[in-house]
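The values are calculated or read from the model by the stated rules, or taken from the named source; none is laboratory data. What you see is a predicted model, and the numbers here were worked out from it, not measured in a lab. When we count neighbours, we look across all protein chains shown, and the Cβ atoms used for this are built from the backbone with ideal geometry, even at glycine. Note: areas computed on protein heavy atoms with side chains; ligands, DNA, RNA excluded. Shrake-Rupley method; radii C 1.70, N 1.55, O 1.52, S 1.80 Å.
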Amino acid sequence: MSGTLWGVGLGPGDSELVTVKAARVIGAADVIAYHCARHGRSIARGVAEPYLSPGQIEERLMYPVTVETTDHPGGYAGALADFYAESAERLAVHLAAGRDVVVLAEGDPLFFSSYMHMHKRLAPRFHAEIIPGVTSVSAASAAIGIPLVEGEENLTVLPGTAPKAELVAALRAGHALAIMKLGRTFPTVVAALEESGRLDEAWYVERASTSQQRVARVVDVDPTSVPYFSLIVVPSPLNQGWTDDAPTPARGPVAPGAVTVVGLGPGGDTQTTPQVAAALAEATDLIGYKTYLARVTARPGQRVHASDNQVESERAEFALSLAQRGARVAVVSSGDPGIFAMATAVAEIAAEPRWHDVAVRVLPGVTAATAVAAAFGAPLGHDLAIISLSDRLKPWEVIAQRIRSAVTADLAVAIYNPGSSQRTWQVGELKTLLQQHLPGDRVVLLGRDVGGPTQSQTVTTVDDLDPAQVDMRTLIIIGSSTTRVVRRTGGDLVFTPRHYPSENRT
């Protein structure tokens, strides 16, 4: 009966980070195999040593080359291919004889590990099992003590050996990043970080979790001192500058930064003002809800920081921290940023004393109320109120009281945020309120995705309002007593006259 091939992850270097299962399997194995350089020393064996047993056979798999210069006819790739084939056959002899073989792997066996070359050659022939290990990326994240990735962000792991252009592209596109295989590649990686605008966010971790661990800002690292067993971590954009204790790199004076809060308008690019377009083009960093940022085409060199829709305060703090370090930040909203959008969130955080040195400006945008009104004609042509139906930040009774007050005062009312997948009952409650205070034939307008590719418009009344027609992309306009719907061959018009009937004047 053949033995079992075990790919055992040892973790990043601290023997106490070896899992209980890995320790048990190491101690019970007949053969312990590990890779090493020409000097014969093995980091993997050193990590596993506390768990080794007397009498075990050790197979030292010594790399024929450690740099890409070789006289092998197949070059560096050919030399390694022959080495892996020969090493696999050495282990196959043990497995065929019924001996269990453990191949030690730093970190995780299938994460940038040499074990995978044994696995691909031996697993089709022998029973193989893998014990995962703590990766160096996790250890480095723990070493810097800054959350690595959260929410809807992505984590990109890059080899430092990749061409610079590929590194730059990935750095610009990614949220949180880890770059491995440094050593000789470090200067190229630093150049890619600088070109992508991510250098000041980057941390260097050397020999993570060991007694020789070293943590520093990348800008403070001497390129000649960087070993292969090191990596660079660029944490989550939401967590850059999250702690005042984090050291900042000494790089001399930086250009004054600023935060500009912009509104893209409710629909396509045609509703984005030239002033906002110019601010987007000038920005070094774009921050916002991922759906809104998807409408912006970032220019080369811009950093894009997308996040979930319910982290407004964190987003504002992140923008201010970047600006405080010299970045020109555009915080992106749809519609107008000052109406149920990011301008207030930024202003609330910027009011704190620690951000008083950061310049903040707000650029207006076409808001949903005016865009929807224009699609119908001019239903907001007289006095009006704007009310959000979302009860995420205020109680429903406050919303209900404001609706009652607005319609009792005979104002036209624009209703934002009427419903979502989590908020499905509010429009029904709105209809009930309207029926209690308005005649059933009062004009109600539904504008959905106005300015977008699926724009639709519905003219209805209070009694005929169908809540099922309304979603988060819909804005509702409730007419006043003077709002008129005129059917015309040249296109229907809905408008609220600027004058008021004389009998209603005081």
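For region 280-381, build the charge dipole from Cβ charges (+1 Lys, Arg; -1 Asp, Glu) around the Cα centre, then report which of Ser333, Ile349, Gln310 sits farthest towards its positive end. Farthest along the dipole direction, towards plus: Ser333.
Quick one: compute the contact order of the chain, relative version, from alpha carbon pairs under 8 angstrom and 6+ residues apart, as a percent. Numbers along the way, then the final one.
Values: 1036 pairs, mean separation 53.0, N = 506.
Relative CO of the chain lands at 10 percent.
Summing +1 for each Lys or Arg and -1 for each Asp or Glu among the other residues whose beta-carbon sits under 12 angstrom from that of Asp449 gives +1.
Need one word for region 137-239: rounded, prolate or oblate. Basis is the Cα gyration tensor (sqrt eigenvalues a ≥ b ≥ c); a/c below 1.5 gives rounded, then a/b vs b/c decides.
Numbers: a/c = 1.71, a/b = 1.07, b/c = 1.59.
It comes out oblate by the Cα gyration axes.
Among the GluC sites (Glu not before Pro) in region 148-214, which ones are in a DSSP loop with at most 15 other Cβ atoms within 10 Å of the Cβ? Mind listing them? Here the sparse-neighbourhood loop sites are Glu152. In this simple spin-label approximation, Asp449 and Phe112 carry label points 7 Å from Cα along the Cα→Cβ vector, and these lie 4.3 nm apart. Taking the accessible area of region 98-213, probe 1.4 Å, and keeping the other protein chains in place, the carbon and sulfur fraction comes to 51%.
Each residue, Asn309 and Ala277, gets one label point 7 Å from its Cα in the Cβ direction; the gap between the two is 2.7 nm.
Pulled fully out, how much extra length does the chain show between Ser405 and Ala374, if you take 0.36 nm times their separation in residues and subtract their Cα-Cα distance? Don't skip to the end; give the middle numbers.
Values: separation 31, 0.36 × 31 = 11.16 nm, distance 2.51 nm.
Full-extension gain reported as 8.7 nm.
When the charge dipole of the chain is built from unit charges on Cβ atoms (+1 for Lys and Arg, -1 for Asp and Glu) and taken about the Cα centre, the candidate among Ile26, Gly13, Val137 whose Cα reaches farthest toward its positive end is Val137. Within the shell of other residues whose beta carbon sits under 11 angstrom from the beta carbon of Arg99, the net charge comes to -3, with Lys and Arg scored +1 and Asp and Glu -1. Taking a ≥ b ≥ c as the square roots of the Cα gyration tensor eigenvalues, region 363-476 comes out rounded, since a/c falls below 1.5. Toward the positive end of the charge dipole of the chain, with +1 on the Cβ of Lys and Arg and -1 on the Cβ of Asp and Glu, the farthest Cα among Leu438, Gly46, Leu322 is that of Leu438.
Counting only Cα atoms, I'd like the Rg/Rh figure for region 258-366, Kirkwood definition for Rh. Could the numbers behind the result be given before it?
Numbers: Rg = 12.4 Å, Rh = 13.4 Å.
Ratio of gyration radius to Kirkwood radius: 0.93.
First check a/c for region 68-114, with a ≥ b ≥ c the square roots of the eigenvalues of its C-alpha gyration tensor; if it is under 1.5, answer rounded, and if not, answer prolate when a/b is larger than b/c or oblate otherwise. Because a/c hits 1.5 or more and a/b fails to exceed b/c, region 68-114 counts as oblate.
How long is the gain from Ala85 to Tyr228 if the chain were fully straight, where each residue apart is worth 0.36 nm and the alpha carbon distance is subtracted? Intermediate results must be reported in sequence, preceding the final value.
Details: separation 143, 0.36 × 143 = 51.48 nm, distance 2.45 nm.
Taking Ala85 through Tyr228 to full extension adds about 49.0 nm, to one decimal.
Taking the Cα centre as origin and putting +1 on Lys and Arg beta-carbons and -1 on Asp and Glu beta-carbons, what dipole magnitude results for the chain, to the nearest 20 debye? In total the dipole reaches around 600 debye.
How much length is gained if the chain between Val20 and Ser2 is pulled fully straight, taking 0.36 nm per residue apart and subtracting their Cα-Cα distance, in nm to one decimal? Walk me through the numbers on the way to the answer.
Details: separation 18, 0.36 × 18 = 6.48 nm, distance 2.50 nm.
Here the answer is 4.0 nm.
In this simple spin-label approximation, Ser456 and Arg184 carry label points 7 Å from Cα along the Cα→Cβ vector, and these lie 6.2 nm apart. Provide the net charge surrounding Ala343, with neighbours chosen by a C-beta distance below 11 Å and charges set as Lys +1, Arg +1, Asp -1, Glu -1. Local net charge: -2. Between Arg484 and Thr156, the FRET efficiency from the beta-carbon distance, with R0 = 60 Å, is close to 0.60.
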